[in-house]
Ligand SMILES: N[C@@H](CCC(=O)N[C@@H](CS)C(=O)NCC(=O)O)C(=O)O
């Protein structure tokens, strides 16, 4: 075990980017100190450690900062190779995992943001587009990781499950915040639904998963949504 102060995570409770890192540290059993950041009034520490993007998460290992969640997740795997493996070692498997992580960050994130930022018919269009990118994720991961259940990695979560799940676990809060009815309900996507259900049942996830009502409130507040939006 590392000494407590050797690993510090600067994060924000509602950030799925931070929760991916937190989950990876927890699953590997790496001790770390967590410092919650106020993103409306950024600390000098955050600005010093991440002067380019000024965002969380930041992992500080022995005083050295590592930024960008996926870079951090690879760093954690490289540094603590002997602890629970989260990334596949076989190059083709690893390439497929990287592809879907990339797809998640490039397509799902922006399409969800488009739903949050639009209104009226634009919002309906954004919801349809969002459903389409989630469908591609569902079908593509099922094809690339066949018969792996409940996680895409099998019985235990791997890095792709962590990346998808940290954010997809918030789907119900997202739906409620946008007043989206059942349009974006995850139960329409059996593979994703199984992954999210299994992840939510992990004791560590229960500890860190943001509370539903808190999440709904912060999403509405951040994107100026009201119930009829
Ligand atoms: N690509 C980054 C995204 C991180 C990110 O967007 N963090 C948000 C919190 S969810 C943040 O720090 N926002 C502060 C800001 O934009 O000023 C990653 O993967 O780490």
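Take residue 77 and tell me if it is farther than 21 Å from residue 200 by Cα, surrounded by 12 or more Cβ atoms within 10 Å (Cβ to Cβ), more than 12 Å from the ligand (Cβ to nearest atom) and touching a residue at least 60 places away in the same chain (Cβ under 8 Å). Steps first, answer last, please.
Details: farther than 21 Å from residue 200 by Cα: yes; surrounded by 12 or more Cβ atoms within 10 Å (Cβ to Cβ): yes; more than 12 Å from the ligand (Cβ to nearest atom): yes; touching a residue at least 60 places away in the same chain (Cβ under 8 Å): yes.
When the stated conditions are applied, residue 77 passes them.
Do we find a residue being under 26 Å from residue 200 (Cα atoms), within 12 Å of the ligand (Cβ to nearest atom), surrounded by 14 or more Cβ atoms within 10 Å (Cβ to Cβ) and at pLDDT 95 or above anywhere in the range 25-34?
Looking only at the range 25-34, we keep the residues that are under 26 Å from residue 200 (Cα atoms), and these are 25-34.
With the extra rule that they be within 12 Å of the ligand (Cβ to nearest atom), the set shrinks to none.
The answer is no, given that none of the residues of the range 25-34 is under 26 Å from residue 200 (Cα atoms), within 12 Å of the ligand (Cβ to nearest atom), surrounded by 14 or more Cβ atoms within 10 Å (Cβ to Cβ) and at pLDDT 95 or above.
Which condition number in (1) closer than 20 Å to residue 205 by Cβ; (2) surrounded by 18 or more Cβ atoms within 10 Å (Cβ to Cβ); (3) out of contact with any helix residue (DSSP H, G or I) (no Cβ under 6 Å at 6 or more places or on another chain) is the one that residue 67 fails?
All conditions are met except number (1).
Test of understanding: among 119, 131, which residue is touching a residue at least 12 places away in the same chain (Cβ under 8 Å), away from the ligand (no atom under 16 Å from the Cβ), surrounded by fewer than 13 Cβ atoms within 10 Å (Cβ to Cβ) and over 18 Å from residue 197 (Cα atoms)?
On the way: 131 fails: surrounded by fewer than 13 Cβ atoms within 10 Å (Cβ to Cβ).
From the options 119, 131, the qualifying one is 119.
This table checks each residue for (1) touching a helix residue (DSSP H, G or I) at 6+ places or on another chain (Cβ under 7 Å); (2) farther than 26 Å from residue 97 by Cα; (3) surrounded by 14 or more Cβ atoms within 10 Å (Cβ to Cβ).
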| residue | (1), (2), (3) |
| --- | --- |
| 138 | yes, no, yes |
| 145 | no, no, yes |
| 167 | yes, no, yes |
| 187 | yes, no, no |
| 191 | yes, no, yes |
| 194 | no, no, yes |
| 208 | yes, no, yes |
| 218 | no, yes, yes |
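Taking the range 51-63 as the search range and keeping residues that are at negative phi and touching a residue at least 40 places away in the same chain (Cβ under 8 Å), which one is surrounded by the fewest Cβ atoms within 10 Å (Cβ to Cβ)?
Step one: filter the range 51-63 for residues at negative phi, giving 51-53, 55-61.
With the extra rule that they be touching a residue at least 40 places away in the same chain (Cβ under 8 Å), the set shrinks to 56-61.
Working: 56: 24, 57: 23, 58: 26, 59: 28, 60: 20, 61: 18.
By that ranking, first place goes to 61.
Examine the range 148-158 for a residue that is assigned to a loop (DSSP other than H, G, I, E, B), within 16 Å of residue 109 (Cβ to Cβ) and modelled with pLDDT under 95, and state whether such a residue exists.
Taking the range 148-158 first, the residues assigned to a loop (DSSP other than H, G, I, E, B) are 148-150, 152-153, 155-158.
Checking which are within 16 Å of residue 109 (Cβ to Cβ) leaves us with none.
Looking for residues that are assigned to a loop (DSSP other than H, G, I, E, B), within 16 Å of residue 109 (Cβ to Cβ) and modelled with pLDDT under 95, one finds none in the range 148-158, hence no.
The values are calculated or read from the model by the stated rules, or taken from the named source; none is laboratory data. Keep in mind that this is a model prediction, so the values were computed, not measured. Methodologically, a virtual Cβ is constructed for each residue, glycine included, from the backbone with ideal geometry; neighbour enumeration extends over all protein chains shown.
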